[in-house]
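Asks: I'd like to ask you about the structure that follows.
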Amino acid sequence: MEKLQAALERARHSRGAPQETKAITAGLRPTPSNLWTDIPTFDVADHLLQSHRVVTRQAGPSAAPFDILRTKLLVQMRQNGWRRLAITSPTPNSGKTTVACNLALGLGRQSDMHSILMDLDLRSPSISSFFETKPPHDIGDLMTRKVDFARQALRFGDNVLCSMASHKDNDPSRILLAEETTEVIDEIEATYKPDLMIFDLPSVLVNDDTRAFLKNVDCALIVVRANTTRYAQLDVCEREVAEQTNVLGVVLNAYPYSEKA
């Protein structure tokens, strides 16, 4: 119990200094494999994944752009000792959940890595729809301690755990802003020891939900949609995110291109 408490205190301390660079040593983060294998599994047919533009289950031309993104973010996060990644966007329908799911499954092909994907876009959750799977309990019940992570999460393959929402929440800020949510996430990280945690967050400019949660992550990836997102929206979003955490980068989604170009 004392070791767990010490781990939680260290995690809370690291959250409090977004710009701090923390060292990371390979091979010193063992995963409690029995805890992961105890999580119930789910599977999704390839054609259903592809219908939601989730294409990274296997390597190939379609997966290549996301694999490049995966490698770039892993290199930068490892250099800085970061383990918690938020994915957001200035406005809805930019493709942030598509990016989050593709990154999670792409990481799942790395047999030496363990990742956790959490759907915290609670007003409009969509990861369960992308995976055509309903969780046994809502992620809101996890954050309010009505159920523990072992009963709420589901496992995709050997090394990706998914914590999904089962319904919309009209007032999620009460969860995302709560200190209890910070404690729950700290406990999950200390217990399951993932190499990377990915949080699918709401769009920044539509409500205060993402602002309420960003204190809990090390860095954020901003997804914008070509010919839809305005530069002014990206500028405001980037400044808002940078006030609370490190901006890892910006992903331009749905860019129209010609193979002849």
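The values are calculated or read from the model by the stated rules, or taken from the named source; none is laboratory data. Just so it is clear, the model here is predicted, and its values are computed rather than measured. In this analysis, Cβ positions are derived from the backbone assuming ideal geometry, glycine residues included, and neighbour counts consider all displayed protein chains.
Asks: Answer yes if at least one residue in segment 141-155 is in a strand (DSSP E or B) and more than 13 Å from the chain's Cα centre (by Cα), and no otherwise.
Replies: yes
Asks: For residue 64, only one of the following conditions fails: (1) over 16 Å from residue 157 (Cβ atoms); (2) small (Gly, Ala, Ser); (3) modelled with pLDDT under 95. What is its number?
Replies: Here residue 64 meets the rest and fails (3).
Asks: Go over the candidates 245, 228, 210 one by one and state the one that is touching a residue at least 12 places away in the same chain (Cβ under 8 Å), within 19 Å of residue 123 (Cβ to Cβ) and of a type in the set (Ser, Thr, Tyr).
Replies: Within the list 245, 228, 210, the selection yields 210.
Asks: Are there any pairs, at least 6 apart or on different chains, whose C-beta atoms fall under 6 Å, with the first in segment 181-193 and closer than 12 Å to residue 149 by Cα and the second surrounded by fewer than 20 Cβ atoms within 10 Å (Cβ to Cβ) and among the acidic types (Asp, Glu), and if so, which?
Replies: Short answer, once both residue conditions are applied: none.
Asks: Tell me which strands (runs of 3 or more DSSP E) are completely within segment 191-261 and hold 1 or more residues being modelled with pLDDT under 95 and among the hydrophobic types (A, V, I, L, M, F, W, C), or say none if there are none.
Replies: 246-253
Asks: Test of understanding: among 234, 221, 196, 205, which residue is more than 30 Å from residue 38 (Cβ to Cβ) and within 14 Å of the chain's Cα centre (by Cα)?
Replies: 221
Asks: Could you look through segment 169-182, keep only residues that are of a type outside the set (S, T, N, Q) and either buried (at least 22 other Cβ atoms within 10 Å of the Cβ) or within 18 Å of the chain's Cα centre (by Cα) (or both), and pick out the one that is farthest from residue 118 (Cα to Cα)?
Replies: Within segment 169-182, the match that is farthest from residue 118 (Cα to Cα) is 177.
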